1. So how many residues does the range 256-281 have that are surrounded by 16 or more Cβ atoms within 10 Å (Cβ to Cβ) and under 21 Å from residue 95 (Cβ atoms)?
2. Residues to consider are 284, 243; find the one that is surrounded by fewer than 22 Cβ atoms within 10 Å (Cβ to Cβ) and at pLDDT below 90.
3. All but one of (1) part of a helix (DSSP H, G or I); (2) more than 18 Å from residue 161 (Cα to Cα); (3) modelled with pLDDT of 80 or more hold for residue 107; state the number of the condition that does not hold.
4. I'd like the residue in the range 177-216 that is crowded, with 19+ Cβ neighbours inside 10 Å and within 22 Å of residue 61 (Cβ to Cβ) and, out of all such residues, is modelled with the lowest pLDDT.
5. Does residue 290 count as surrounded by fewer than 20 Cβ atoms within 10 Å (Cβ to Cβ) and modelled with pLDDT under 90?
């Protein structure tokens, strides 16, 4: 019942529904995705990622067709005669046979596009909030610091999985249809669970690392340079130390994308001996990813708590 004071001040009683800070995280995630969808460059990069997917998608069809041909038969590709045996040698390197390495190789090659996409996404979603002073405004609303980070993390994770996990799942479905689907889906259930686990490892590690890097750097161009250094320069340095200087293989742990690749192989059930070149153990790569996750969480906790909230 409205009081006399309410009538005098012409206040109306509250009839809305309090949704709480958790729904605020979902709202922030939707808003962040809308910001990304408005940028044409993201659609262009996503189209480039689809080209890699279609290469693997039609490559699996091609492998099945090649298996039905004779090794000495010649086929025409763009008017150029190519022996089936030579084409088989090229495609065998990608393991386009629906095995664990099919999905691991696909996500590996998507890494170059993921690097660019996440660098731009971090600057748009998180860096601008610190650079333009928007974060205190967000935190003045009925959402907490953790819910702000959760909303940004959900948006980044969804975009990341649209480039890696969802296409890998489509390749898994295709492989079952190309082969005996009743036996394939039953015998390769570990690969399906491995795709989910690989996607979760990518989301958790790269999502937190991206937010932490964007909070630290903030601007787009420096963020791209730092992100490129993390995934390109560290890979070159690791190769030089292990293959060039013949140092211990544990130096490869500085290459985070390679660490995630090893974690993905473990999730997919592939043996350690089948990894690319000399590699550290699976548990060592998982420990390196865990250290990155813990470090990013501690850094974000300190930086977000230091933000003064507008009251």
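1. Going through the range 256-281 one residue at a time, the tally reaches 15.
2. None of the others qualify; the one that does is 243.
3. With (1) part of a helix (DSSP H, G or I); (2) more than 18 Å from residue 161 (Cα to Cα); (3) modelled with pLDDT of 80 or more applied to residue 107, the lone miss is (2).
4. So the residue we want is 188.
5. When the stated conditions are applied, residue 290 does not pass them.
Rundown of residues vs (1) part of a helix (DSSP H, G or I); (2) at pLDDT below 75; (3) surrounded by fewer than 14 Cβ atoms within 10 Å (Cβ to Cβ), yes/no style:
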| residue | (1), (2), (3) |
| --- | --- |
| 2 | no, yes, yes |
| 12 | no, yes, yes |
| 16 | no, yes, yes |
| 26 | yes, yes, no |
| 44 | yes, no, yes |
| 54 | yes, no, yes |
| 60 | yes, no, no |
| 70 | no, yes, yes |
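The values are calculated or read from the model by the stated rules, or taken from the named source; none is laboratory data. Remember, it's a predicted structure, so these values are computed and weren't measured experimentally. Glycine also receives a Cβ, built like all others from the backbone with ideal geometry; neighbour counts cover every protein chain displayed.
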